[in-house]
Amino acid sequence: MLIITRQDLAELVPMRVAIALMKQVFIELSAGCVTVPLRVPIEVPEAEGTTLIMPAYVPAVSGLGLKVVSVFPRNREQGLPTIHAAVLAVDPTTGAPSALLDGTYLTALRTGAASGAATDLLARPDSRILLCIGAGAQGPTQAWAVCSVRPIERIYVYDRQPAAAASFAERFHRLAPEIQAEVIAVTDLPAAVREADVICTATTSREPVFDDADLKPGVHINAIGAFTPEMQEIPIATVQRAYVVVDHVEAALAEAGDLLKALHAGAITPEHIRVELGHVAAQQAPGRQSADQVTLFKSVGNAVQDVIVAAHAVRAAQERGRGLEVDLSR
């Protein structure tokens, strides 16, 4: 079995490749050509954390496996990452474990890449200003992906923890040294929202992180942080007036607090949540329909994303002699 580290992944799966993989796998997902049970969340109340078990099978790329990911917000108090994860790849011809991959970086990479794919399909082509709300582990890869598909000149960063916002620029430029966008930590969030052409939210908030009235006409929003029914990042008014695209309708209706709270308030009907990113990527549903339209990509994350990246990484590692080979039977 191969052990594939963060550094291996960074070299084997560049962001632009990851974005292309996301478009491919979301098309497969929307076409019903994958097997992906709803993920199993395990709450750990004493630590205010959640561990998620996420299996999937993507026949088109011979991808089979599962991810175990934990989101423990209180880790910040101890100087530890909020998210820890591991991905186990399984050989679909024998059922034998084929690789264990660093899931923490893979999660950030594929989540950023999903937002990159959504931004490419939905954001205005002339988008220049990006706002990242939430400067944790997901933030820099969100920015990296958006900058990979739009000519972003300025990145505003806001976080309730000033230290996280302050360190964002260094972490971002370490990931993507080729991108020359200016990174600015901000404290006046409403002012930044009013300027932003693209907004990425990556928090564990249980209430909206901005006011709908502050949004610029034509803004595109990638909402990737609220992944349980109790969480919420996006105002109900924004959900109500936006063109909503989700990663997977079934998962969104089960887990996406941003959408479920709007449904429960009677602001929208289930018909409002019917377009998947795979439909847009396959040109089975429209993308942006006007310059002033507000577009919202709501993602709760899907194991097919992890499996397709893992399958690509394993093949690339085998071809290039990367990774550490271990024999678990010894």
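Please treat every number below as a calculation from the coordinates, not as lab data. Predicted model, so just to flag it, every value in this text is computed and none were measured. Here Cβ is always computed from backbone atoms with ideal geometry, including for glycine, and neighbour counts include all displayed protein chains.
Across the range 166-318, Cα-Cα pairs farther apart than 23 Å form 44% of the total.
Relative to the longest principal axis of the C-alpha atoms of the chain, give the angle of the C-alpha long axis of helix 15-30, reported between 0 and 90° and rounded to the nearest 10°. Tilt relative to the chain: about 90 degrees.
Computed from the C-beta positions of residue 330 and residue 166 and an R0 of 41 Å, the FRET efficiency is 0.30 to the nearest 0.05. Our summary gives the chain a relative contact order of 22 percent, counting only alpha carbon pairs under 8 angstrom and 6 or more residues apart.
Report, for the chain, the % of DSSP beta bridges that are antiparallel, rounded to 5.
50 percent
Using the Cα centre of the chain as the reference point, and only Cβ charges (+1 on K/R, -1 on D/E), how large is the resulting charge dipole? Debye, rounded to the nearest 20.
Charge dipole, the chain, about its Cα centre: 420 debye, nearest 20.
Site pair residue 250 and residue 291 shows an inter-label distance of 4.1 nm when each label is modelled 7 Å from Cα along Cα→Cβ. Couplings 3J(HN,Hα) of the range 314-324, computed from phi: 5, 4, 5, 5, 5, 5, 9, x, 9, x, 9 Hz, in residue order, whole Hz [Karplus 6.51 cos²θ - 1.76 cosθ + 1.60, θ = phi - 60°; x for Gly and Pro]. Given a cut-off of 31 Å, what percent of all Cα-Cα pairs of the chain lie beyond it? Above the 31 Å cut-off, the chain has 26 percent of its Cα pairs. Taken along the Cα-to-beta-carbon direction at a fixed 7 Å, the label points for residue 94 and residue 274 span 4.7 nm.
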